[in-house]
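J.: Once you've had a glance at the structure underneath, I'll fire off some questions.
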């Protein structure tokens, strides 16, 4: 991508109500645009990052047997009435709309009910189980107060995977596989060292669920951590009785702020009982299907990465999810500089590097460097008259460290090592 062709621009002004780090940096750098409170568009740079995050999640879901699908966002009341979750008093985040014939539809805030009803068409025997469908789908939640940029929105993409199993043992085994997959996902997204598998309430489904909480001083959640045993507990269930289960006391934990980036639940038979999702076992007896639910919000993950990976100049993207791996900066309008920049741009593209080239002729060097720091690509290459004269490139790592000067004929091998 040539920056002169990128229709988005960086900005120094922000909506007055945007106070979170992620929204400020993503808006200023041109990754997102605010439509209204809690509703954001992903612009070209932001869309590239979002798709890379989705790609990592998809790979790990497929690795544990997930089968991708896409359900509808428009929902009829029937399935939700069966589980008593159509009632706004029971589930207060509904967006509902009326058709011209007077009937009411909802915009799905989650998909346990419709998927359970769908699976009745395909599950009748033990031979049909287990099954692990998942999707990346737009959800709508009528939050009373949308806040914290793309961390809490009214419209968002959710990866939700659901497990359909024959018995509790089969669910327990898959639950552990899913938990391990989530750990791997957050490792790959650069959040592994600060993300904790956190014990949380299982609600009406089970004693515990598990959240994946990323430490952040601006996080909305409070968790308690014991570093020695690597145990984290959500504040909502943190008490002496719970800590005793781990052979610890409340004094053995430290309080931290965090952002919830994922969660997994054992649903049991709550939805299969209500919607009559049953199967016939080996003995011919009818049994309810045992379910689990596993969610990650890719946009929320993106916002969390920005909250935890930045400095006073802008965003510092992890290498493999940055919008582009390399940002070429051309200093000056000299023809030799532009020709060498284009040669390098074409060379790197041909070598399968993702490259953003700041080829703008009307922007001064200081503004180019400021934009580069704000956008946050991992590696910046500066092409100047002096560098051309010395047959070298000036390389700066966005994560820090001194500039390096690399001979032109070694640039491919250098970047290969730098970005692996």
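J.: Eigenvalues of the Cα gyration tensor times 5, then square-rooted: what semi-axes does that give for the chain, in whole angstrom, largest first? Don't skip to the end; give the middle numbers.
T.: Details: eigenvalues 405, 115, 94 Å².
For the chain, the semi-axes come out at 45, 24, 22 Å.
J.: From the alpha carbon gyration tensor of the range 91-180, can you work out the equivalent ellipsoid semi-axes (sqrt of 5 times each eigenvalue) and give them in Å, largest to smallest? Walk me through the numbers before you get to the answer.
T.: Details: eigenvalues 180, 81, 17 Å².
Semi-axes from the Cα gyration tensor: 30, 20, 9 Å.
J.: Report the FRET efficiency, 1/(1 + (r/R0)^6), for residue 144 and residue 413, where r is their Cβ-Cβ distance and R0 is 60 Å, rounded to 0.05. Mind dumping the intermediate values first?
T.: Values: r = 54 Å, r/R0 = 0.91.
Taking R0 as 60 Å, the efficiency between residue 144 and residue 413 is 0.65.
J.: Further, regarding this structure: Would you compute, from DSSP H runs of 4+ residues alone, the mean residue ellipticity of the chain at 222 nm, taking -39500 (n - 2.57) per run and dividing by the full residue count, rounded to the nearest 500?
T.: Working: 12 runs with 127 residues, N = 420.
The helix-only estimate for the chain comes to -9000 deg cm²/dmol at 222 nm.
J.: Which residue fluctuates most in the GNM of the chain (Cα springs below 10 Å): 272, 206, 330?
T.: The residue that fluctuates most here is 206.
J.: A follow-up question, please. By how many degrees, between 0 and 90 and to the nearest 10, does the Cα long axis of helix 365-375 differ from the longest principal axis of the chain?
T.: With both axes taken from Cα atoms, the answer is about 10 degrees.
J.: While we're on this one: Indicate, rounded to the nearest 5 percent, the antiparallel portion of the DSSP beta bridges found entirely in the range 326-419.
T.: On the way: 8 of 17 bridges.
Rounded to the nearest five, the antiparallel share is 45 percent.
J.: Next question, about the same structure. Report, as a whole number in µm² per second, the diffusion coefficient that Stokes-Einstein gives for the range 223-312 at 4 °C and 1.567 mPa s using the Kirkwood radius over alpha carbon pairs. Mind dumping the intermediate values first?
T.: Values: Rh = 16.9 Å.
It diffuses with D of about 77 µm²/s by this estimate.
J.: Helix 298-308 sits at what angle to the longest principal axis of the chain, using alpha carbons and giving 0 to 90 degrees rounded to 10?
T.: 50 degrees
J.: Using the Kirkwood formula over every pair of different C-alpha atoms, what hydrodynamic radius in Å results for the range 7-99? Mind dumping the intermediate values first?
T.: On the way: mean 1/r = 0.0590 Å⁻¹.
Computed over the range 7-99, the radius equals 16.9 Å.
J.: What's log10 of I(q)/I(0) for the range 1-155 at q = 0.12, 0.13 Å⁻¹, Debye sum over Cα points only, no solvent?
T.: With no solvent term, the Cα-only Debye profile gives -0.73, -0.83.
J.: Can you tell me what the convex hull of the Cα atoms of the range 147-221 projects to on average, as an area in nm²? Let's see the in-between values first.
T.: Values: hull surface 25.8 nm².
Mean projected area of the Cα convex hull: 6.5 nm².
J.: Which whole-number percent is the relative contact order of the chain (Cα, under 8 Å, 6+ apart)? Before the final figure, lay out the partial values.
T.: On the way: 791 pairs, mean separation 65.9, N = 420.
In percent, rounded to a whole number, it is 16.
J.: Label points 7 Å out from Cα along the Cβ direction at residue 184 and residue 251: separation in nm?
T.: Between residue 184 and residue 251, the simple spin-label model gives 4.2 nm.
J.: Compute from the Cα atoms of the range 255-357 the Rg and the Dmax, the latter being the longest Cα-Cα distance, and quote both in angstrom.
T.: 25.8, 82
J.: Another one. Normalized C-alpha radius of gyration of the range 225-274, against 2.2 N^0.38 Å? Don't skip to the answer; put the middle values down first.
T.: Details: Rg = 14.3 Å, N = 50, 2.2 N^0.38 = 9.7 Å.
Ratio of Cα Rg to 2.2 N^0.38 Å: 1.47.
J.: How many angstrom lie between the C-alpha centres of the range 111-181 and the range 75-98?
T.: If we compute the Cα centre of each part, the gap is 18 Å.
J.: Nearest 10 degrees, 0 to 90: what angle lies between the long axis of helix 335-350 and the longest principal axis of the chain (Cα atoms)?
T.: 30 degrees
J.: Kindly give the semi-axes, whole Å and largest first, of the ellipsoid equivalent to the range 189-246, taking each as the square root of 5 times a Cα gyration tensor eigenvalue. Display every interim value, and only then the final one.
T.: On the way: eigenvalues 76, 36, 24 Å².
Ellipsoid semi-axes (Å, largest first): 20, 13, 11.
J.: Would you mind calculating the gained length between residue 51 and residue 36 on full extension (0.36 nm times residue separation, minus the Cα-Cα distance), in nm to one decimal?
T.: On the way: separation 15, 0.36 × 15 = 5.40 nm, distance 2.27 nm.
Stretched fully, the residue 51-residue 36 segment lengthens by 3.1 nm.
J.: Same structure again: Can you give the FRET efficiency to the nearest 0.05 for residue 121 and residue 397, using r as the Cβ-Cβ distance and R₀ = 56 Å?
T.: Efficiency computed from Cβ-Cβ geometry: 0.60.
J.: Running Debye on the range 177-287 with equal point scatterers at the Cα sites and no solvent, what base-10 log of I(q)/I(0) appears at q = 0.10, 0.16, 0.23 Å⁻¹?
T.: Each listed q corresponds, in turn, to -0.38, -0.77, -1.26.
J.: Report the Stokes-Einstein translational diffusion coefficient (µm² s⁻¹, integer) for the range 326-419, Rh taken as the Kirkwood radius over Cα pairs, at 20 °C with viscosity 1.002 mPa s.
T.: On the way: Rh = 13.2 Å.
Answer from the Stokes-Einstein relation: 162 µm²/s.
J.: Just to be sure I understand: with springs between alpha-carbon atoms less than 10 Å apart, which residue in 264, 57, 225 has the highest mean-square fluctuation in the Gaussian network model of the chain?
T.: Top of the fluctuation ranking is 225.
J.: I'd like the distance between the alpha-carbon centres of the range 331-409 and the range 195-245, rounded to an integer number of Å.
T.: 45 Å
J.: When DSSP assigns beta bridges and you keep just the ones with both residues in the range 3-311, what percent turn out antiparallel, to the nearest 5?
T.: Details: 57 of 62 bridges.
That works out to approximately 90 percent antiparallel.
J.: Right, here's the next one. Who wins for biggest fluctuation among 99, 161, 118 in a Gaussian network model of the chain, springs between alpha carbons below 10 Å?
T.: Among 99, 161, 118, the largest GNM mean-square fluctuation belongs to 99.
J.: I've got another one for you. Using a 7 Å offset from the Cα along the Cα-to-Cβ direction at both residue 201 and residue 235, what is the distance between the two label points in nm, to one decimal?
T.: Calculated label separation equals 1.4 nm.
J.: Considering Cα pairs under 8 angstrom that are at least six residues apart, work out the relative contact order of the range 1-85 and quote it in whole percent. Intermediate values should be presented prior to the final figure.
T.: Details: 45 pairs, mean separation 13.9, N = 85.
This gives 16 percent for the range 1-85.
J.: Something else about it: Determine one quarter of the surface area of the Cα convex hull of the range 1-48, which equals its mean projected area, and express it in nm² to one decimal. Working shown, then result.
T.: On the way: hull surface 14.1 nm².
With the hull built on Cα positions only, its mean projection is 3.5 nm².
Where a number appears in this text, it was derived from the coordinates with a stated rule and is not lab data. The model shown is predicted, which means the values in this text are computed figures rather than measured ones. Every residue, glycine among them, receives a Cβ derived from its backbone with ideal geometry; neighbour counts consider all protein chains shown.
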